[in-house]
Amino acid sequence: KKNLEVKEKFCEAAEKLAGDENIVGAFAELQKLHEQWKEYGPVAKEQREAIWDRFKAASATINKKYQEHFEQLKAQQEENLVAKTAMCEELEAVVAEEYASAGAWNAASRKIEEIQARWRKIGFATRKDNQKIYERMRAACDVFFERKKQFFASARDEQNANEAAKLSIIEQAEALVGSTDW
């Protein structure tokens with residue numbers, strides 16, 4: 001009789017957990033209830049099956065919600081992978097372009113940064129694909145920013161060479177200012 005009362009409380013607790021929004025937490029609590037259920041002794045024969053069926057029904061509801069939760073999570077992760085793959089293709093297209101001016105490089109940088117911002121708003125992809133897709137995105141960004149760095153370094157070198165040539169011309173002109181050798 002005492003065991004029946006305790007097991008009825010377990011049933012009530014399991015039924016209450018079935019309505020819980022945090023299904024992962026509810027599932028963990030259900031596991032604890034199952035452990036506690038096993039610790040208590042048997043109930044009278046005529047009530048044994050009815051009480052077990054009640055507890056089992058509440059457990060089945062929670063288990064079904066738990067399974068659905070992870071199926072939805074997996075579906076969302078698959079959608080995230082598709083979206084991130086499309087972003088990688090978009091990034092790779094930007095990286096493949098040739099840019100001849102600083103303005104073009106800066107415009108392309110803004111495109112890359114916009115894609116990166118969208119990337120951060122998307123959740124994780126599936127566990128097995130998440131690292132691979134991240135590495136693909138990172139590699140495209142690294143190639144782009146390395147090319148940009150080289151472009152601006154060569155532009156800076158060209159500017160320095162031009163400045164040196166102009167200074168040389170200025171020195172020659174200053175040397176000729178006082179000359180009377182027409």
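The values are calculated or read from the model by the stated rules, or taken from the named source; none is laboratory data. Just so we're clear, the structure is a prediction, and the values are computed from it rather than from any experiment. With ideal geometry, Cβ positions are generated from the backbone for all residues, glycine too; neighbour counts draw on all protein chains shown. To get the accessible areas, we keep the full protein, side chains included, count just its heavy atoms, and leave off ligands, DNA and RNA. Shrake-Rupley method; radii C 1.70, N 1.55, O 1.52, S 1.80 Å.
Tally Lys and Arg at +1 and Asp and Glu at -1 over the other residues with C-beta under 13 Å from the C-beta of residue 142: what net charge comes out? Before the final figure, lay out the partial values.
On the way: positive: 136, 138, 147, 148, 149; negative: 92, 135, 146.
Summing Lys/Arg as +1 and Asp/Glu as -1 gives +2.
Can you tell me the FRET efficiency between residue 154 and residue 101 if r is taken as the Cβ-Cβ distance and R0 is 22 Å, rounded to the nearest 0.05? Before the final figure, lay out each step's value.
Working: r = 13 Å, r/R0 = 0.58.
Calculated transfer efficiency: 0.95.
Can you tell me the relative contact order of region 73-174? Whole percent, Cα pairs under 8 Å, sequence separation 6 or more. Write out the running numbers ahead of the final one.
Details: 47 pairs, mean separation 40.9, N = 102.
Value for region 73-174: 40 percent.
Heavy atoms only, 1.4 Å probe, whole protein assembly: order 180, 61, 85 by accessible area, highest first. Before the final figure, lay out each step's value.
Values: 180 110, 61 65, 85 40 Å².
The most accessible residue leads, giving 180, 61, 85.
Computing the accessible area with a 1.4 Å probe over protein heavy atoms, can you report the carbon and sulfur percentage for region 114-182?
Details: 3070 of 5530 Å².
Here it works out to 56 percent.
Using the heavy atoms of the protein chains alone and a 1.4 angstrom probe, what is the accessible area of the chain per residue in square angstrom?
Working: 12900 Å² over 182 residues.
With all protein chains present, the chain gives 71 Å² per residue.
Over region 1-71, what percent of the accessible surface lies on carbon and sulfur atoms, probe 1.4 Å?
Working: 2500 of 4930 Å².
Within region 1-71, the accessible surface is 51 percent carbon and sulfur.
Report, in listed order, any pair from 16/121; 1/32; 2/32; 32/121 with a Cα-Cα distance greater than 31 Å. Intermediate results must be reported in sequence, preceding the final value.
Numbers: 16/121 35 Å; 1/32 22 Å; 2/32 20 Å; 32/121 36 Å.
In this structure, 16/121; 32/121 lie more than 31 Å apart at Cα.
Would you tally the net charge around residue 77, using a Cβ to Cβ cut-off of less than 12 Å, leaving residue 77 out, and scoring K and R as +1, D and E as -1? Before the final figure, lay out each step's value.
Details: positive: 74, 84, 127, 128; negative: 71, 78, 79, 129.
In short, 0.
To the nearest Å, what is the center-to-center distance of region 59-81 and region 121-182, using C-alpha atoms only?
Cα centroid of region 59-81 versus Cα centroid of region 121-182: 49 Å apart.
Taking only C-alpha pairs under 8 Å that are 6+ residues apart, what is the relative contact order of region 1-106 in percent?
Details: 51 pairs, mean separation 34.8, N = 106.
About 33 percent, as a whole number.
Counting Lys and Arg as +1 and Asp and Glu as -1, what is the net charge of the other residues whose Cβ lies under 14 Å from the Cβ of residue 123?
Values: positive: 74, 84, 118, 120, 121, 127; negative: 78, 79, 129.
Summing Lys and Arg as +1 and Asp and Glu as -1 gives +3.
What is the chain's relative contact order, in percent, from Cα pairs under 8 angstrom and six or more apart in sequence? Let's see the in-between values first.
Numbers: 97 pairs, mean separation 38.0, N = 182.
Computed value for the chain: 21 percent relative contact order.
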